[in-house]
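Participant: Take this structure, written in structure tokens, and hold onto it; I'll ask about it next.
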Amino acid sequence: MLVDAGHDILQPLSAARLYASALTEQLGDSHQRALAASLDSSLEAVESIFNTLLDISRLDAGAVKPVVSVFALNTLLEQVIGDFLPAAGQKGLELKLVASSAIVATDRNLLRRLLQNLVSNAVKYCKSGKILVGVRRRGQMLEVQVLDTGIGIARSKLNIIFREFSRLSEGMMESEGLGLGLSIVERIAKTLDMSIDVHSNLGKGSVFSVRMPVSETKASALAKKMPALRHSSPLDGLAILCIDNDERSLSAMKALLQSWGCKVDVLNHSGALSSFCQNHTSAPDVILTDYNLGEATGIDLVEYARNHYDCQIKAALVTAERSNQLRVHAMSTDVSIINKPVKPAALRALLSYFQLADSCS
């Protein structure tokens, strides 16, 4: 039931976050800007709680199907460490990664989410000391370990920490939360056919281990020339066509994009695209469209515009739909996905990437 209602709940939440971000951009350095930022932070907390509950529902329903790829584990671990270095630094904690040359074959996004939850917990429940992330080889298996010098867990309570909404009294004194992080970890591990082990001493710290098979792919086979990363370029003048049948989301998206200097056209139903194409001789630089648009899908509209202008317009679905089928379909048509509620930083990063890529001429 929660999965079915997810789209309707996320639509107004996404619009509210976009309005808050647009307001923050326009207020400059002022007390009002601080209030708008606090509003966005509160909405982000609501989004995080709802998305966690939605993830649990989808995992329990078997709606999450892993998309397996082969990748260097160390690259993923570096990203996870980077996510939490600021939070660890604020608490005076040392967060360190022991480099690994291991190659794995699994769902990269799900594994990253699992490890993020483990490192997040380590940062939350560590008063002082350090957190170490590393990989051990066990024959044909790997163990990714997250070690901390935190508050630890009594042996008698190790059997309940993976239950949803279970929070130990010691943990409640250290950090706020609903007790859902380890519940997500256990469910993702089952989905990926991995196992989770935990060893802990109360008052001394914990070690969480994730076991997975080693891939036989050689590291040299993964080496490809990647374009050098460049700083995000300004978005001034980027022509964007936004399509969404939810007026609040459309208005909020337009306000945010215009605050970044983009030229924005909006369509509130799929049938308006034909008229837009007839009245605009030049293709937009980017199309941002919802997926569920009644009589047509966002991918249908992107393909229509690409065919009309005879060029590969950069495009992304901005949608609350999180199915694996849509993810695969979008990848096959070279359409990116940004999930609602939209994170402005992620949206801006994608637009900057689009701007660096070749555009239609």
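The values are calculated or read from the model by the stated rules, or taken from the named source; none is laboratory data. Values in this document were obtained by computation on a predicted structure and should not be read as measured data. Neighbour counts run over all protein chains shown; Cβ positions are idealised from the backbone, glycine included. Just so you know, the surface numbers come from the protein's heavy atoms only, side chains and all, with ligands and any DNA or RNA stripped out. Shrake-Rupley method; radii C 1.70, N 1.55, O 1.52, S 1.80 Å.
Participant: Given the condition of a type outside the set (S, T, Y), touching an Asp or Glu at 6+ places or on another chain (Cβ under 9 Å) and over 17 Å from I337 (Cα atoms), answer yes or no: does some residue in region 272-281 qualify? Break it down into steps so the answer makes sense when it comes.
Facilitator: Going residue by residue through region 272-281, those that are of a type outside the set (S, T, Y) are 272-273, 276-280.
Those still in the list that are touching an Asp or Glu at 6+ places or on another chain (Cβ under 9 Å) too: 276, 280.
Next cut, over 17 Å from I337 (Cα atoms) only: 276, 280.
Within region 272-281 (the criterion being of a type outside the set (S, T, Y), touching an Asp or Glu at 6+ places or on another chain (Cβ under 9 Å) and over 17 Å from I337 (Cα atoms)), the answer is yes, since at least one residue qualifies.
Participant: Restricting the first residue to region 253-277 and requiring it to be over 25 Å from Y19 (Cα atoms), which pairs with a second residue that is open to solvent by 20 Å² or more (accessible area, probe 1.4 Å) and in a loop (DSSP other than H, G, I, E, B) meet a Cβ separation below 8 Å and a spacing of at least six or different chains?
Facilitator: The qualifying pairs are G271/E295.
Participant: A follow-up question, please. Please work out if V302 is touching a helix residue (DSSP H, G or I) at 6+ places or on another chain (Cβ under 6 Å) and at pLDDT 95 or above.
Facilitator: Working: touching a helix residue (DSSP H, G or I) at 6+ places or on another chain (Cβ under 6 Å): no; at pLDDT 95 or above: yes.
When the stated conditions are applied, V302 does not pass them.
Okay, residues lined up against (1) over 27 Å from K91 (Cα atoms); (2) assigned to a helix (DSSP H, G or I); (3) not charged (D, E, K, R):
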{"residue": "V104", "(1), (2), (3)": "yes, no, yes"}
{"residue": "L111", "(1), (2), (3)": "no, yes, yes"}
{"residue": "L115", "(1), (2), (3)": "no, yes, yes"}
{"residue": "S120", "(1), (2), (3)": "no, yes, yes"}
{"residue": "G134", "(1), (2), (3)": "no, no, yes"}
{"residue": "V146", "(1), (2), (3)": "no, no, yes"}
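Participant: I've got another one for you. Which count do you get for residues in region 165-181 that are at pLDDT 55 or above and open to solvent by 20 Å² or more (accessible area, probe 1.4 Å)?
Facilitator: Of all residues in region 165-181, those at pLDDT 55 or above come to 166, 180-181.
Filter once more, keeping what is open to solvent by 20 Å² or more (accessible area, probe 1.4 Å): 166, 181.
Going through region 165-181 one residue at a time, the tally reaches 2.
Participant: Please go through (1) surrounded by 15 or more Cβ atoms within 10 Å (Cβ to Cβ); (2) modelled with pLDDT under 95; (3) in contact with a strand residue (DSSP E or B) (Cβ under 9 Å, 6 or more places away or on another chain) for S259 and return the number of the only condition it doesn't satisfy.
Facilitator: So the condition that S259 fails would be (3).
Participant: Is it the case, given these coordinates, that G152 is open to solvent by 20 Å² or more (accessible area, probe 1.4 Å), part of a loop (DSSP other than H, G, I, E, B), at pLDDT below 90 and farther than 30 Å from V286 by Cα?
Facilitator: No; evaluated as a whole, the condition is false for this residue.
Participant: Could you please give the count of residues in region 69-118 that are at pLDDT below 90, more than 13 Å from V133 (Cβ to Cβ) and among the β-branched types (V, I, T)?
Facilitator: Of the residues in that region, 0 qualify.
Participant: Quick one: in region 291-350, which of the residues that are among the β-branched types (V, I, T) and in a strand (DSSP E or B) is most open to solvent (accessible area, probe 1.4 Å)?
Facilitator: Top of the filtered list is I337.
Participant: Looking at region 136-149, which of the residues that are open to solvent by 40 Å² or more (accessible area, probe 1.4 Å) and aliphatic (A, V, I, L, M) is modelled with the lowest pLDDT?
Facilitator: If we take residues in region 136-149 being open to solvent by 40 Å² or more (accessible area, probe 1.4 Å) and aliphatic (A, V, I, L, M), then M141 is modelled with the lowest pLDDT.
Participant: How many residues does region 74-96 hold that are open to solvent by less than 50 Å² (accessible area, probe 1.4 Å) and within 22 Å of the chain's Cα centre (by Cα)?
Facilitator: Residues that pass the stated criteria total 10.
Participant: In region 103-124, which residues are open to solvent by 50 Å² or more (accessible area, probe 1.4 Å) and farther than 16 Å from T75 by Cα?
Facilitator: The answer is K124, and nothing else.
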